[in-house]
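Q: Can you read through this structure? Questions will come right after.
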């Protein structure tokens, strides 16, 4: 549907078209009417409040670019209202307006957070100049903040590719929490990049980035080996040749320890882990000595930990200790605008590894044909980013020219789109043919039938099939249909 004015609320259209939105809070009707006439004539959107309480209610409901606030009102003084505004909002400019031209009143207003002060009767020209200056300044500051945020997100996470709004919010949150001491729980499906986010958190923590990042794959190995690996052991206390003397927690001191698939660890190990989080200390296996550590814990899981808590498989107190800050990574199918930049990123990565198809800037010259890229965009990606990376790596290895064709894609992607049709020796569809294969087979037969009727004229066939000629040509290529010569040619 087109984005027309009919699709949007009237107040939103007015707000976007106006030079700014201003709230006037004054108990005198003449003053309100005068300011409204002055400001609307300059294309500002103006809301009016007849008293302090009404003004505060309007502020709760809507944002404003500037507030004009009367000093003397019957229900509350302008100074009281100013203090309440500043308690909740330090940014929105407030101009005080009063009949009292006392210097002391002006000083008090500025001390309490007002941005300017105008005695009645005010100079219209001066008031308009100051309003425009203040609103322009505020917008410029907000734009600078947004620009800095965008640049920080774009250039501070070199290994994380994503321009979708959901990923930008994740990266923004990573920037905010990186320097905190809080434990972080990263949730998301397999292959969404949980360890990559954990490394970004570590790299952006000023106090820990120079110290170790230790990844622990919680589900690998029996519980006693995991505990030995985490907490270390005293010689003779553990007989396995795999065990190490110094545990991961001691190695990661002053750094970060990352627990991948935290939901798989045993209840006994969960108890010991809880103590480390709460007391910041542990006792190695076979020892009576307590070791103090300063370690930031980041955990990740693709499981529903709350359900595991309900089933008695995960400690509730540990769950709440870990889930102080939750980063929920979206699956790739929910952020498909990230697929194209990811493809470009992985092309360059694997072209460098394989030393092929690189330009003078050491970037990949490869790109998928439109049909192949369309298949990637329509795939549901159950393996998420990891699956996409594997597909691109395969394409780099098999590519023989810069334009990568559909045939280079893995069989499961082509079968999902019906591009690989399995037939028996007689040419019929396989008995266990999928719906995709049946649809693709029907489309192929229908195109050939129409081409034969049109004497193999693609233009005429496209018209009869009611599809663009470019679409028909793509389908002919996709289905490997051999075009015959026209009769009499």
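Q: Do we have residue 371 as at pLDDT below 95, touching a helix residue (DSSP H, G or I) at 6+ places or on another chain (Cβ under 6 Å) and either in a helix (DSSP H, G or I) or assigned by TED's automatic domain parsing to the domain that holds residue 170 (or both) here?
A: Yes, satisfied.
Q: Somewhere in region 342-350, is a residue surrounded by 15 or more Cβ atoms within 10 Å (Cβ to Cβ) and assigned to a loop (DSSP other than H, G, I, E, B)?
A: Looking for residues that are surrounded by 15 or more Cβ atoms within 10 Å (Cβ to Cβ) and assigned to a loop (DSSP other than H, G, I, E, B), one finds none in region 342-350, hence no.
Q: I need the full set of residues from region 87-105 which are within 21 Å of residue 135 (Cβ to Cβ) and in contact with a strand residue (DSSP E or B) (Cβ under 8 Å, 6 or more places away or on another chain), in order please.
A: 92, 93, 94, 95, 96, 97
Q: Filter region 182-208 down to the residues that are free of Cβ contacts under 8 Å to residues at least 60 places away in the same chain and either outside the structural domain of residue 298 (by TED's automatic domain parsing) or in a loop (DSSP other than H, G, I, E, B) (or both) and list them by number.
A: Within region 182-208, 204, 206, 207 meet the criteria.
Q: Return the residues of region 320-338 that are part of a helix (DSSP H, G or I), buried (at least 20 other Cβ atoms within 10 Å of the Cβ) and within 20 Å of the chain's Cα centre (by Cα); say none if nothing qualifies.
A: Residues satisfying the conditions are 332, 338.
Q: Here's something else I'd like to know. Looking at region 93-115, which of its residues are within 42 Å of the chain's Cα centre (by Cα) and surrounded by fewer than 19 Cβ atoms within 10 Å (Cβ to Cβ)?
A: Selection gives 110, 111, 112, 113, 115.
Q: Where in region 1-111 are there helices (runs of 4 or more DSSP H), lying fully within it, with 3 or more residues that are farther than 24 Å from residue 123 by Cβ and either touching a helix residue (DSSP H, G or I) at 6+ places or on another chain (Cβ under 6 Å) or at pLDDT below 90 (or both)?
A: 10-17, 52-61, 78-88
Q: Right, another one. Starting from residues that are free of Cβ contacts under 8 Å to residues at least 40 places away in the same chain and in contact with a strand residue (DSSP E or B) (Cβ under 6 Å, 6 or more places away or on another chain), keep the ones in region 277-331 and report whichever is farthest from residue 379 (Cα to Cα).
A: Only one residue tops the list, namely 290.
Q: Let me ask something else about it. Out of the residues in region 287-319 that are loosely packed, with under 13 Cβ neighbours inside 10 Å and closer than 25 Å to residue 213 by Cβ, which is modelled with the lowest pLDDT?
A: Applying the filter and picking the extreme gives 290.
Q: Related question: Checking residue 89 against (1) without any contact (Cβ under 8 Å) to a residue 12 or more places away in the chain; (2) within 27 Å of residue 143 (Cα to Cα): exactly one of these is not met. Which one?
A: It is condition (1) that residue 89 fails.
Matching residues to (1) crowded, with 19+ Cβ neighbours inside 10 Å; (2) in contact with a strand residue (DSSP E or B) (Cβ under 6 Å, 6 or more places away or on another chain); (3) free of Cβ contacts under 8 Å to residues at least 60 places away in the same chain:
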{"position": "20", "(1), (2), (3)": "yes, no, no"}
{"position": "32", "(1), (2), (3)": "yes, yes, yes"}
{"position": "36", "(1), (2), (3)": "no, yes, yes"}
{"position": "41", "(1), (2), (3)": "no, no, yes"}
{"position": "51", "(1), (2), (3)": "no, no, yes"}
{"position": "54", "(1), (2), (3)": "no, no, yes"}
{"position": "57", "(1), (2), (3)": "no, no, yes"}
{"position": "61", "(1), (2), (3)": "no, no, yes"}
{"position": "67", "(1), (2), (3)": "yes, yes, yes"}
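Q: Then there's this: Out of everything in region 445-482 that is surrounded by fewer than 12 Cβ atoms within 10 Å (Cβ to Cβ) and in a loop (DSSP other than H, G, I, E, B), what residue ends up being farthest from the chain's Cα centre (by Cα)?
A: So, considering only residues that are surrounded by fewer than 12 Cβ atoms within 10 Å (Cβ to Cβ) and in a loop (DSSP other than H, G, I, E, B), the one farthest from the chain's Cα centre (by Cα) is 482.
The values are calculated or read from the model by the stated rules, or taken from the named source; none is laboratory data. As the structure is a computational prediction, the values presented were derived from the model and not from experiment. When we count neighbours, we look across all protein chains shown, and the Cβ atoms used for this are built from the backbone with ideal geometry, even at glycine.
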